[in-house]
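Presented below is the structure to which this report refers.
The values are calculated or read from the model by the stated rules, or taken from the named source; none is laboratory data. Everything numeric in this text was worked out from a predicted model, so none of it was measured. Here the Cβ positions follow ideal geometry from the backbone for every residue, glycine too, while neighbour counts run over all protein chains shown. The area values use the complete protein model at the heavy-atom level, side chains included, leaving out ligands, DNA and RNA. Shrake-Rupley method; radii C 1.70, N 1.55, O 1.52, S 1.80 Å.
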Amino acid sequence: MIKDIDSLIEEIRKYAKGAVSDSRFQHSVRVAETAMKLCEKFGLDGKIGYLAGISHDICKAMPDDLLISMSARDGLPFTELEAKKPALLHGRAAAVKLQEDFNLSEPDVIESVQNHTFGKIGMSDLSKIVFIADKIEPGRPQVDEAYLKKIKKLSLNELALFVLEDNIAYLEKKGKAVAPQSLELLDWLKSITGGENENS
């Protein structure tokens, strides 16, 4: 349990406001609000969801060299995709920053921030929620009334699968590489939801 979570949220919110562009900060607020609602829907603490959401992009504007050096401190190897495009390390860097500069040690929050870009096999419910919230916050162009109606009745795992399939299709359409972690996550989510999502 995090002591004085309200103060920590405000501290990170202020940091985020100064560290990223205004449009990125507004995105982070929408992700935080969406994560809070999803947490409440699926039986998690809404404030924890807000904290993870407001934190997820705090390193988005960092220069590549700093992203690389900060991310390296988590002890995990860099994938080929991360090495080619260090901007993709912003979640890992943010997770390190939360631990080192904000004294945050809540494992689920750290994991959810660290893995919000690609996801990973076995991710916690909070990690799934932040991953989803990042992709379905109200500022995203595909999120209209029909989209929201389509996802409303999905379970958490079904929703994660739907959003991931949608994201992979988008990346492939744009000719962008899909991270191996995302493809592994796709197979894992299919295995625990019984296969292809009916709504996709």
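Can we say GLN114 is at pLDDT 95 or above, touching a helix residue (DSSP H, G or I) at 6+ places or on another chain (Cβ under 6 Å) and open to solvent by 10 Å² or more (accessible area, probe 1.4 Å)? The answer is yes for GLN114. Considering only segment 131-145, I want to know if a residue exists there that is aromatic (Phe, Trp, Tyr), surrounded by fewer than 22 Cβ atoms within 10 Å (Cβ to Cβ) and farther than 19 Å from GLY75 by Cβ. Checked against the condition, which is being aromatic (Phe, Trp, Tyr), surrounded by fewer than 22 Cβ atoms within 10 Å (Cβ to Cβ) and farther than 19 Å from GLY75 by Cβ, segment 131-145 yields no hits at all. Given the conditions (1) in a helix (DSSP H, G or I); (2) open to solvent by 20 Å² or more (accessible area, probe 1.4 Å); (3) closer than 23 Å to LEU183 by Cα, and given that PHE78 satisfies all but one, which numbered condition is not satisfied? Every condition holds for PHE78 apart from (1).
Here is a yes/no grid of residues against (1) open to solvent by 60 Å² or more (accessible area, probe 1.4 Å); (2) among the hydrophobic types (A, V, I, L, M, F, W, C); (3) within 14 Å of the chain's Cα centre (by Cα):
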site	(1), (2), (3)
SER28	no, no, yes
GLU40	yes, no, no
LYS47	yes, no, no
TYR50	no, no, yes
MET62	no, yes, no
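Against the list (1) open to solvent by 30 Å² or more (accessible area, probe 1.4 Å); (2) modelled with pLDDT under 95, the condition ASN197 fails is (1).
Going through segment 138-197 one residue at a time, which ones are of a type in the set (Gly, Ala, Ser) and more than 28 Å from PHE25 (Cα to Cα)?
Hits for segment 138-197 are SER155, SER191, GLY194, GLY195.
Can SER191 be described as of a type in the set (Ser, Thr, Tyr), open to solvent by less than 20 Å² (accessible area, probe 1.4 Å) and assigned to a helix (DSSP H, G or I)? No, not satisfied. Applying the selection to segment 28-66, what residues are in contact (Cβ under 8 Å) with a residue 40 or more places away in the chain, among the polar types (S, T, N, Q) and within 19 Å of LEU98 (Cβ to Cβ)? Answer for segment 28-66, where residues must be in contact (Cβ under 8 Å) with a residue 40 or more places away in the chain, among the polar types (S, T, N, Q) and within 19 Å of LEU98 (Cβ to Cβ): just SER55.
Checking each residue in segment 13-28 for being over 15 Å from HIS116 (Cβ atoms) and in a helix (DSSP H, G or I) picks out ARG13, LYS14, TYR15, LYS17, GLY18, ALA19, ASP22, SER23, PHE25, GLN26.
Per-residue answers, yes or no, for (1) at pLDDT 95 or above; (2) hydrophobic (A, V, I, L, M, F, W, C):
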{"position": "MET1", "(1), (2)": "no, yes"}
{"position": "SER7", "(1), (2)": "yes, no"}
{"position": "LYS14", "(1), (2)": "yes, no"}
{"position": "LYS17", "(1), (2)": "yes, no"}
{"position": "PHE25", "(1), (2)": "yes, yes"}
{"position": "VAL31", "(1), (2)": "yes, yes"}
{"position": "CYS39", "(1), (2)": "yes, yes"}
{"position": "LEU51", "(1), (2)": "yes, yes"}
{"position": "ASP57", "(1), (2)": "yes, no"}
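Checking segment 89-107 against the condition returns no match, with no residue being in a helix (DSSP H, G or I), out of contact with any Lys or Arg (no Cβ under 6 Å at 6 or more places or on another chain) and over 23 Å from ILE48 (Cα atoms). Being outside any helix (DSSP H, G or I) and either open to solvent by less than 20 Å² (accessible area, probe 1.4 Å) or at pLDDT 95 or above (or both) narrows it down to one of LEU161, LEU154, so name that one. Within the list LEU161, LEU154, the selection yields LEU154. Checking each residue in segment 117-150 for being at pLDDT below 95 and in a helix (DSSP H, G or I) picks out GLU145, ALA146, TYR147, LEU148, LYS149, LYS150.
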